[in-house]
Amino acid sequence: MSGLPDRKEAQVRRLLQGPYPPVPTGLAAGAATRGDRLLRRRRTLRRFGWAVLFAAAVAFVVWASLTHPWTAPPTGVSPPLQGW
């Protein structure tokens, strides 16, 4: 079996040896336009994500400065009275 060429390999060799298919005009320009659009979209999403993260951090700092979550809450029960 190892002496026989692989069927897929033979097909690939035939495709590479034959005439190359024609490339449509404007293919490179279209690919460059699509790439630019994808880069702009990715950059916009990244900036939006950083803006949301920054806004969340500012909101957390404002909330923490107003509510002081690090302090103990006041007790609802008064201490027992002694000496009555």
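Using +1 at the Cβ of each Lys and Arg and -1 at the Cβ of each Asp and Glu in the chain, identify which of Gly18, Ala56, Trp70 lies farthest towards the dipole's positive end. So the residue furthest toward the plus end is Gly18.
Evaluated at q = 0.10, 0.21 Å⁻¹, a Debye calculation over the C-alpha positions of the chain (equal weights, vacuum) places log10 I(q)/I(0) at -0.70, -1.05. Relative to the longest principal axis of the Cα atoms of the chain, helix 7-17 runs at roughly 70 degrees. Element breakdown for the chain at a 1.4 angstrom probe: carbon and sulfur atoms account for 67% of the accessible area.
In the full protein context, the chain carries 102 Å² of accessible surface per residue, based on a 1.4 Å probe and ignoring ligands, DNA and RNA. Against the chain, whose longest principal axis comes from its Cα atoms, helix 27-67 is set at around 10 degrees. Net charge dipole, the chain: roughly 580 debye, given to the nearest 20, about the Cα centre with Cβ charges of +1 for Lys and Arg and -1 for Asp and Glu.
The values are calculated or read from the model by the stated rules, or taken from the named source; none is laboratory data. Quick caveat, the model's predicted, so the values are computed rather than measured. Note that each Cβ is placed from the backbone with ideal geometry, even for glycine, and that neighbours are counted across all protein chains shown. Each accessible area value is taken on the protein alone, full model and side chains, heavy atoms only, with ligands, DNA and RNA left out. Shrake-Rupley method; radii C 1.70, N 1.55, O 1.52, S 1.80 Å.
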